[in-house]
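Before any comments, here is the structure.
Since every read-out is calculated from the coordinates, none of them should be taken as a lab result. None of the values given here were measured: they were computed from a predicted structure. Heads up, the Cβs are rebuilt from the backbone with ideal geometry, glycines too, and the neighbour counts pull from every protein chain shown.
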Amino acid sequence: MAVIRGEIGRRWLTRTMANPQQALRTWAHDDRLVPVPSSGAWRVVEAPLYPSIDAMCALRASGALGPVLASVREPLAW
């Protein structure tokens, strides 16, 4: 289960949602998962967390590093 703690991350993630306010309320009060469609505005891939960190370090130098969501409970990144 991914938990988004930062307000900036929440706002970024809800940009393409039909009802972003409902998702924000759910995260703020219930800390539950909310389906987030990948609408073509961004692409999603799920990968193991630690190799993802290595990849982010390499991408940072190119300036192409985008937002990354991560879970430490399930060592995954999206």
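Values as computed for the structure displayed
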| item | result |
| --- | --- |
| Residue-wise HN-Hα coupling along the stretch 53-68, computed from phi with Karplus coefficients 6.51, -1.76, 1.60 (Hz; x: Gly, Pro) | 5, 4, 5, 4, 4, 5, 6, 4, 5, 7, x, 9, 6, x, x, 10 |
| Total charge dipole magnitude, the chain, about the Cα centre, Cβ charges on Lys, Arg, Asp, Glu only, Debye to nearest 20 | 240 |
| Full-stretch length increase - THR16, ALA55 - with 0.36 nm per residue and alpha-carbon distance subtracted | 11.5 nm |
| Spin-label proximity, GLU7 to the stretch 16-34 - amide N less than 20 Å from point 7 Å beyond Cα toward beta carbon | 16-17, 20-32 |
| Interchain or long-range residues, amide H under 5 Å from LEU76's placed H | LEU49, SER71 |
| Helical contribution to [θ] at 222 nm, DSSP H n ≥ 4, -39,500 (n - 2.57), averaged over the chain, rounded to 500 | -11500 deg cm²/dmol |
| Chain lengthening between LEU33 and ALA64 when straightened (0.36 nm per residue, less Cα-Cα) | 8.4 nm |
| Reported label for calculated P(r) over Cα pairs in 5 Å bins from 0, in percent given (1) 3, 15, 28, 25, 15, 8, 4, 2, 0; (2) 3, 14, 23, 25, 20, 10, 5, 1; (3) 3, 13, 13, 14, 11, 9, 8, 7, 6, 6, 4, 3, 2, 1 | (2) |
| Mean Cβ count within 10 Å, highest first, over the residues of peptides 51-61, 18-28 | 18-28, 51-61 |
| Angle in degrees between helix 20-29 and the longest Cα principal axis of the chain, rounded to the nearest 10 | 90 |
| For the chain, with +1 on Lys and Arg beta carbons and -1 on Asp and Glu, the positive-most of THR26, VAL68, ALA47 along the dipole | THR26 |
| Relative contact order (percent, whole number), the chain, Cα cutoff 8 Å, 6+ residue spacing | 36 |
